[in-house]
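Notes follow the structure.
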Amino acid sequence: MSVNTTNTPADPSNPETTSLGTLNPTATSSSTNSAAVTIPDMENQLITKVDLRPCAPAMNIAEKLDGTNWVTWRAQLIDVLKIVELDLYVLGRQPCPGIDRLSERKNWLFNDGIAKSFITNNVLESQKIHILSEETSAAKFTALENLYE
């Protein structure tokens, strides 16, 4: 499969674009039945606010993090956050835009705030001490990761 990098954001009205990039079924590939995937440059990705309304019922993890269930909790957290495209924030792969992109920066702060709240609301009170001082969702997740891995 060939991979191309572009600065083009996903277009929800185009079925050939995804949050990961643009599918290009006509691109050349070493395998006969595969499509090329265009992966966007995350530094220049257009950042919009996420809309949680369609996914609200799926936004709960069955079991809160208690210190003994890290592996399953982590997998569930990432799966749920992928639904609303917030997994990249938590994993530290969606950089905050600079002050020169103020509108996108505000959207990033909004989205990261949702991800932070989601993490905080899905850990037991006894675990919150490990993450309360962290300022981003990635920092909260990393603090937990460092504690339990």
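The values are calculated or read from the model by the stated rules, or taken from the named source; none is laboratory data. Bear in mind the structure is a predicted one, so any value in this text is a computation, not a measurement. Cβ coordinates were reconstructed from backbone atoms using ideal geometry, including for glycine residues, and neighbour counts include every protein chain displayed. Quick note on the areas: whole protein, heavy atoms, side chains included, nothing else; ligands and nucleic acids left out. Shrake-Rupley method; radii C 1.70, N 1.55, O 1.52, S 1.80 Å.
Return the residues of region 130-141 that are part of a loop (DSSP other than H, G, I, E, B) and either surrounded by 17 or more Cβ atoms within 10 Å (Cβ to Cβ) or under 16 Å from the mean Cα position of the chain (by Cα) (or both); say none if nothing qualifies. 130, 131, 134, 136 - these are the residues of region 130-141 that are part of a loop (DSSP other than H, G, I, E, B) and either surrounded by 17 or more Cβ atoms within 10 Å (Cβ to Cβ) or under 16 Å from the mean Cα position of the chain (by Cα) (or both). In region 54-66, the residues that are on the phi > 0 side of the Ramachandran plot and open to solvent by 30 Å² or more (accessible area, probe 1.4 Å) form no Cβ pair under 7 Å with any partner that is part of a helix (DSSP H, G or I) and at pLDDT below 65, whether six or more places apart or across chains. Restricted to region 42-51, and to residues there that are open to solvent by 50 Å² or more (accessible area, probe 1.4 Å) and at pLDDT 70 or above, the residue that is farthest from residue 110 (Cα to Cα) is 46.
Under the condition of being of a type in the set (Phe, Trp, Tyr) and more than 21 Å from residue 144 (Cα to Cα), which residue from region 81-113 is surrounded by the most Cβ atoms within 10 Å (Cβ to Cβ)? Result: 108. Among residues of region 85-128 being in contact (Cβ under 8 Å) with a residue 24 or more places away in the chain and among the acidic types (Asp, Glu), the one that is nearest to residue 139 (Cα to Cα) is 112.
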